[in-house]
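Chemist: One structure is given below, represented as structure tokens, and several questions about it will come after.
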Amino acid sequence: MERVVEPDGPLRLTTGRVRVELRWGWHHDGEGAPDLDLSAFLLGRDGRVGHEGDFVFYNQPSHPGGLVRRLPKYRTAHGVTEGIEAELSGLDESIARLALAASADGGFRSELSRPRLALFETGREAAPLAELPLRPGPAETALLCGELRRAADGGWAFHRIERGFTGGLVALAAEFGISAARRPPPTPFGSQQTDSLFQLPPQGPQFMPGGAA
């Protein structure tokens, strides 16, 4: 049985480098569990992204500075894992929070996927600092799982949050000042083609902070 460590309050980090893993089950029963995705939002003190590069997800796997980056999905006999690494100590001081979100365009179907979030500090990887079962509602397709927040002394702490959204990653991103250009059909798990919810132009009003359309 997997060890589950659920912090009662904020979890203070001892280093500035972390890895967050989204884990879920994969069942070969004719239906299978849904495909999930892990995303990160780099937020200022106003709780909004400063520019489109502050949204790290499957169509934009790295922050422009490379300090926050997605890791490839991999499948084991026990399920699927996807991760995000962050070098928090190197982030610009304007970044106050790193919000972590899980999404599943077709729904989480938690009875099959049993999603959970694991938090590791780089260099201290014998066991995760925390393992959190995620409990999205039946109609929810995105979940704000938690935040890494900068403290007054420059350190960081993890704060657990579970807030669901029925509008998927599009609705969740809008909370942080991001508007989607359009919503193309998703690509199945394992395909070589990018399975995106958003089209991210290098510049332009289609996808900009502040809710521009």
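The values are calculated or read from the model by the stated rules, or taken from the named source; none is laboratory data. Owing to the predicted nature of the structure, the values given are computational and were not obtained by experimental measurement. For neighbour counting, all protein chains shown are included, and Cβ atoms are generated from backbone atoms with ideal geometry for every residue, glycine included. Side chains included, ligands, DNA and RNA excluded: accessible areas come from the protein's heavy atoms. Shrake-Rupley method; radii C 1.70, N 1.55, O 1.52, S 1.80 Å.
Chemist: For the pair Thr76/Asp92, report the inter-label distance in nm, with labels modelled 7 Å from Cα in the Cβ direction.
Modeler: It is 3.7 nm.
Chemist: Using the Cα gyration tensor of the stretch 33-187, with a ≥ b ≥ c the square roots of its eigenvalues, what is the shape: rounded (a/c below 1.5), prolate (a/b larger than b/c) or oblate (neither)? Mind showing how you got there, number by number?
Modeler: Details: a/c = 1.60, a/b = 1.18, b/c = 1.35.
Oblate shape, in that a/c is at least 1.5 and b/c is the bigger or equal ratio.
Chemist: Where does each of Asp37, Asp105 land when they are ordered by accessible area, with a 1.4 Å probe and the largest first? It would help to have the intermediate numbers written out before the result.
Modeler: Values: Asp37 15, Asp105 70 Å².
Putting Asp37, Asp105 in descending order of accessible area: Asp105, Asp37.
Chemist: For the pair Arg69 and Asp46, what calculated FRET efficiency results from E = 1/(1 + (r/R0)^6), where r is the Cβ-Cβ distance and R0 = 22 Å, to the nearest 0.05?
Modeler: E(calc), rounded to 0.05, equals 0.35.
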